[in-house]
Amino acid sequence: MSTTSELNANKAPQSISSRLPLLFILAVLVGLVTYLQWPEAEKEKSKYKRVVAVKMTPVVLAEFIESVEAVGTARANEQVMITSKYSDLVEDVFFDDGQKVKKGAVLVKLNNEQELAKVNELEANLSESKAHLKRLSELLASRATSKSLVEQQEAKTKAIEAQLVSAKARLNDLTIRAPFSGVLGFREVSKGAYIDAGNTITSLDDLSVIKVDFHLPERLLTHLHVGQQISAQNTAYKAKKFIGKITAIDSRIDSSTRSIKVRANISNKAQKLHPGMLLNISVLLQKENILQLPESSIIPIENTHYVFTEKDGKAIRKAINIGRRHPGVVEVISGLIEGEQVVVEGALKLRDGSAVSVIGKENNDPDEKQDKVIAKEGSKG
């Protein structure tokens with residue numbers, strides 16, 4: 001028994017020692033294969049490294065317009081209701097609905113037979129009175145009559161002249177004319193109708209210029225002046241803007257609303273604007289050139305704002321200071337210079353140092369695109 005145990009103990013070390021060269025060779029082979037395959041693995045890994053496609057845009061120096069908004073109602077430059085001073089029959093009507101007329105154009109003629117007869121009578125009396133006065137003056141020169149008779153005749157002549165002036169004025173008032181050039185409204189009378197004094201015949205509006213009154217907060221008083229540019233919009237014309245100027249600023253502040261009344265005139269030669277229209281007013285407060293970027297290129301992180309630039313195919317994150325905003329555009333105060341390219345699309349996928357591929361660049365040249373920015377301020381008092 002002891003001999004068998006000794007034989008088995010001698011065989012175990014011999015078996016292990018005989019396998020050592022084989023294990024060593026196997027380890028060497030595995031290491032060699034790993035070594036040979038390592039560059040290929042790294043190459044494949046590098047080959048499939050993530051590259052983010054981005055679009056770039058330059059920082060541009062463009063015009064920045066700061067304005068304030070208000071609401072007003074359009075009024076005609078001149079507007080009047082045409083009425084009659086006297087009660088009488090309408091002898092004739094010389095206009096149609098909506099007709100354009102010149103100043104002095106005859107609109108309506110009332111029956112004037114009695115007034116015309118009165119004028120003719122007074123003209124005859126005046127002619128006779130002047131002739132009698134002339135004879136008395138000649139007689140007074142030869143001392144054939146008294147001075148008192150001449151003075152009486154002079155007074156009578158002047159009285160007839162005054163009556164004639166009054167009669168002619170009444171006769172003239174029976175012919176109703178346009179007081180200024182403009183556009184007539186609807187005709188409210190017909191030929192043969194009897195109208196009373198004060199009855200409306202039609203309306204007349206001078207639409208060459210539109211006036212608009214609106215209110216602004218008192219805090220903007222120091223920013224307002226006569227001649228300041230305004231623009232107006234109406235829903236009927238959608239995006240079309242009508243340009244005008246401030247013509248007057250009220251001398252008083254409304255104590256209940258703490259606002260000031262402002263009046264502006266808008267040229268309306270094409271007569272697209274009409275009295276009564278609701279107008280959205282934008283008053284130009286300030287105009288300057290500033291550096292600006294699309295809002296989509298800004299990445300806010302807590303209280304800091306960042307953008308990504310590109311250098312040698314790598315993304316570089318930069319902190320910037322921004323100022324005023326407008327939908328779609330942000331003012332750049334510091335951190336970037338004019339013409340510097342920043343990522344405008346794909347920035348949310350980037351990290352500092354990420355590989356990037358520029359697929360396109362926006363052209364924000366202010367000479368080729370409209371780069372005006374309007375910072376609009378609310379009109380709360």
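Some observations on this one:
- Selected residue [buried (at least 18 other Cβ atoms within 10 Å of the Cβ), touching a residue at least 24 places away in the same chain (Cβ under 8 Å) and either closer than 24 Å to Lys241 by Cα or not aliphatic (A, V, I, L, M) (or both)] from Leu350, Leu336, Leu293, Leu279: Leu279
- Thr235 vs. criteria loosely packed, with under 15 Cβ neighbours inside 10 Å, over 23 Å from the mean Cα position of the chain (by Cα) and of a type in the set (Val, Ile, Thr): no
- Checking the stated criteria, Arg143 turns out to be assigned by TED's automatic domain parsing to the domain that holds Lys85, more than 30 Å from Leu204 (Cα to Cα) and not in a helix (DSSP H, G or I).
- The single residue among Glu188, Glu154, Glu138 that is charged (D, E, K, R), part of a loop (DSSP other than H, G, I, E, B) and either outside the structural domain of Ile253 (by TED's automatic domain parsing) or out of contact with any Leu (no Cβ under 9 Å at 6 or more places or on another chain) (or both) turns out to be Glu188.
- For the stretch 35-48, the criterion of being of a type outside the set (Val, Ile, Thr), more than 30 Å from Pro275 (Cα to Cα), at pLDDT 80 or above and surrounded by 10 or more Cβ atoms within 10 Å (Cβ to Cβ) is met by none of the residues.
- Residue in the stretch 177-188 that is surrounded by 14 or more Cβ atoms within 10 Å (Cβ to Cβ), of a type in the set (A, V, I, L, M), touching a helix residue (DSSP H, G or I) at 6+ places or on another chain (Cβ under 9 Å) and at pLDDT 90 or above present: no
- Scan of the stretch 308-328 for residues that are touching an Asp or Glu at 6+ places or on another chain (Cβ under 9 Å), part of a strand (DSSP E or B) and either of a type in the set (A, V, I, L, M, F, W, C) or modelled with pLDDT under 85 (or both), ordered by number: Phe308, Ala315, Ile316, Ile322, Arg324, Arg325, His326
- Residue check for Ser148: more than 30 Å from Phe95 (Cα to Cα) and surrounded by 13 or more Cβ atoms within 10 Å (Cβ to Cβ): no
- Enumeration of residues in the stretch 249-276 that are among the basic types (Lys, Arg) and without any contact (Cβ under 8 Å) to a residue 40 or more places away in the chain: Arg252, Lys272
- Considered as a group, the residues in the stretch 93-119 that are in a helix (DSSP H, G or I) and charged (D, E, K, R) include one that is surrounded by the fewest Cβ atoms within 10 Å (Cβ to Cβ), and that residue is Glu113.
- Being farther than 30 Å from Ala236 by Cβ, β-branched (Val, Ile, Thr), in contact (Cβ under 8 Å) with a residue 40 or more places away in the chain and assigned by TED's automatic domain parsing to the domain that holds Pro58 is true of Ile299.
- Among the criteria (1) modelled with pLDDT under 90; (2) closer than 30 Å to Lys272 by Cβ, the one Glu69 does not fulfil is (1).
- Selection within the stretch 238-269 - assigned to a loop (DSSP other than H, G, I, E, B) and more than 16 Å from the chain's Cα centre (by Cα): Ser255, Ser256, Thr257, Arg258, Lys269
- Within the stretch 66-92, restricting attention to residues that are small (Gly, Ala, Ser) and farther than 30 Å from Lys261 by Cβ, the residue that is surrounded by the fewest Cβ atoms within 10 Å (Cβ to Cβ) is Ser87.
The values are calculated or read from the model by the stated rules, or taken from the named source; none is laboratory data. From a predicted model like this one, the values you see are computed outputs, not experimental measurements. As a convention, Cβ positions derive from the backbone with ideal geometry for all residues, glycine included, and neighbour counts pool all protein chains shown.
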